[in-house]
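Every read-out reported here was derived from the displayed coordinates using simple, explicitly stated rules and does not represent laboratory data. It should be emphasised that the depicted structure is a prediction, and the values quoted were computed from it without experimental measurement. Every residue, glycine as well, gets a Cβ built from its backbone with ideal geometry; the counts of neighbours run over all protein chains shown.
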Amino acid sequence: MIAPDSTAASASAPTVRKAVVPAAGLGTRFLPATKATPKEMLPVVDKPAIQYVVEEAAAAGLDDILMVTGRHKRAIEDHFDHAFELEQALATKGDTVRLDAVRDPARLADIHHIRQGDPLGLGHAVLCARHHVGNQPFAVLLGDDLIDPRETLLSRMLEVRERYRGSVVALMEVDPAQIHLYGCAAVHPTGEEGVVRVTGLVEKPAAGTAPSRYAVIGRYVLDPAVFEVLAHTPPGRSGEIQLTDALQGLAAAGTVHGVVFTGLRYDTGDKADYLRTVVRLACARPDLGPEFTGWLKEFVSGLEDGGTAVGQGHRAA
Ligand code: UTP
């Protein structure tokens, strides 16, 4: 294990600047919406899910972002590019608020794209970033996994990586009945609140075999050593090259730590979680929240009263 000697490690730890956002998956859980629209582009209030992810990376100081996309993901590339005709039309109207909203995605960071070709798994998507990332530590943020914008998980992970080196994964305690849906980590305490050493990892463990309740969620800060391991990782579960399997090799060598996250996280690739995300973030919006929350309360009390108000929307006057 690498000792948590913060002074020695942080003195020469290379700064993480690059983020990789895998967004090449097929999104089958959200069909038919995702037949022609990438799931990462589904709107969460008025921004696509993936924009929140890129904003999170930029807020943590990562200024170089590589999106890993695929054949049906052109909309992602367009969203983070300029839209000249639209910008010109808004500028002519003097609509500066919408003009800024349209320009913002392209201004968040230096954004690059690479295509995965065939979606051979998350591990394979990360391996596609090898040439762009080079021999530096880097962050990975899954394009459909939202951490509430009020949280600072990624900054915390970068700070932990500076002190412990190696790789850092984000962990969340989940109901044991749900752990088979995630990668699961066996952990050992470090003596530091909220930071554990990961001793083993297993992807989607069969019922009753999970080593803990700690699920790996979609944020990672990885040592470039992961690329060599990924290059030799055979397809695992569902014939895909799993990032969890590669990290298992690094964990066995004692170089993976976990930051335990207790805040709000949403899997927008899951229908029910997507709905929760939209409602929560809409309620938190100063421009929409007060009116929407009022409507929501009325709607919920209608449900509780036996459903008389169910189906209630805004009717035309
Ligand atoms: P998911 O496990 O959510 O898979 O991928 P998926 O294929 O996208 O969606 P479902 O399960 O069919 O509904 C987790 C993340 O890894 C990316 C996805 O885009 C998502 O951000 N991914 C997955 C890739 O980039 N490439 C892959 O080959 C697989």
Separation of the Arg29 and Ala272 label points, Cα + 7 Å toward Cβ, nm: 1.1
For segment 87-154, which trypsin sites (Lys or Arg not before Pro) are both in a DSSP coil and crowded by at most 15 other Cβ atoms within 10 Å? Arg150
Return one number: the angle in degrees, 0 to 90 and rounded to the nearest 10, between the long axis of the Cα atoms of helix 84-93 and the longest principal axis of the Cα atoms of the chain. 40
Any idea which of Gln116, Thr92, Thr69 is furthest toward the positive side of the dipole for segment 45-144, if Lys and Arg beta-carbons carry +1 and Asp and Glu beta-carbons -1? Gln116
Is there a quick way to get the dipole size of segment 21-175? I mean about its Cα centre, with the Cβ of Lys and Arg at +1 and of Asp and Glu at -1; what is the value in debye to the nearest 20? 420
Which whole-percent values make up P(r) of segment 95-249 when all C-alpha to C-alpha distances are grouped in 5 Å steps starting at zero? 2, 8, 15, 20, 21, 15, 10, 5, 3, 2, 0, 0
If you take every DSSP beta bridge whose two residues both sit in the chain, what share of them, in percent to the nearest 5, is antiparallel? 60
Checked against the positive end of the charge dipole of segment 143-283 (+1 on Cβ of Lys and Arg, -1 on Cβ of Asp and Glu, about the Cα centre), the farthest of Ala231, Thr209, Leu153 is Leu153
Filtered trypsin sites (Lys or Arg not before Pro), segment 21-79: DSSP coil and at most 13 other beta carbons within 10 Å: Lys35, Arg71
DSSP loop (so not H, G, I, E, B), at most 12 other Cβ within 10 Å: list which trypsin sites (Lys or Arg not before Pro) in segment 181-285 pass both filters. none
Euclidean distance of C-alpha centroids, segment 47-82 and segment 150-166, integer Å: 21
When a/c is below 1.5 the answer is rounded, else prolate if a/b is larger than b/c, else oblate, so apply that to segment 127-171 with a ≥ b ≥ c taken from the square roots of the Cα gyration tensor eigenvalues. oblate
In debye, nearest 20, what is the charge dipole magnitude of segment 36-85 about its Cα centre with +1 on Lys and Arg Cβ and -1 on Asp and Glu Cβ, if you could check? 340
Cα gyration tensor category, rounded, prolate or oblate, for the chain with a/c compared to 1.5: prolate
By the C-alpha gyration tensor axes a ≥ b ≥ c (rounded if a/c is under 1.5, else prolate when a/b exceeds b/c, else oblate), the shape of segment 52-126 is oblate
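Between Asp100 and Ala75, what length in nm is gained on full extension when 0.36 nm per residue of separation is reduced by their alpha carbon distance?
Net length gain for the segment: 7.1 nm.
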Dipole magnitude of the chain about its Cα centre, charges +1 at Lys/Arg Cβ and -1 at Asp/Glu Cβ only, in debye to the nearest 20? 440
Could you compute the net charge surrounding Leu146? Neighbours are other residues with a C-beta less than 13 Å from the C-beta of Leu146; K and R count +1, D and E count -1. -3
Would you work out the relative contact order for the chain, in percent, from Cα pairs under 8 angstrom that are 6 or more residues apart? 21
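Can you give the percent of C-alpha pairs in segment 231-283 whose distance is more than 19 Å?
Roughly 56 percent, once rounded to a whole number.
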So what is the relative contact order of segment 41-163, in percent, for Cα pairs below 8 Å that sit 6 or more residues apart? 37
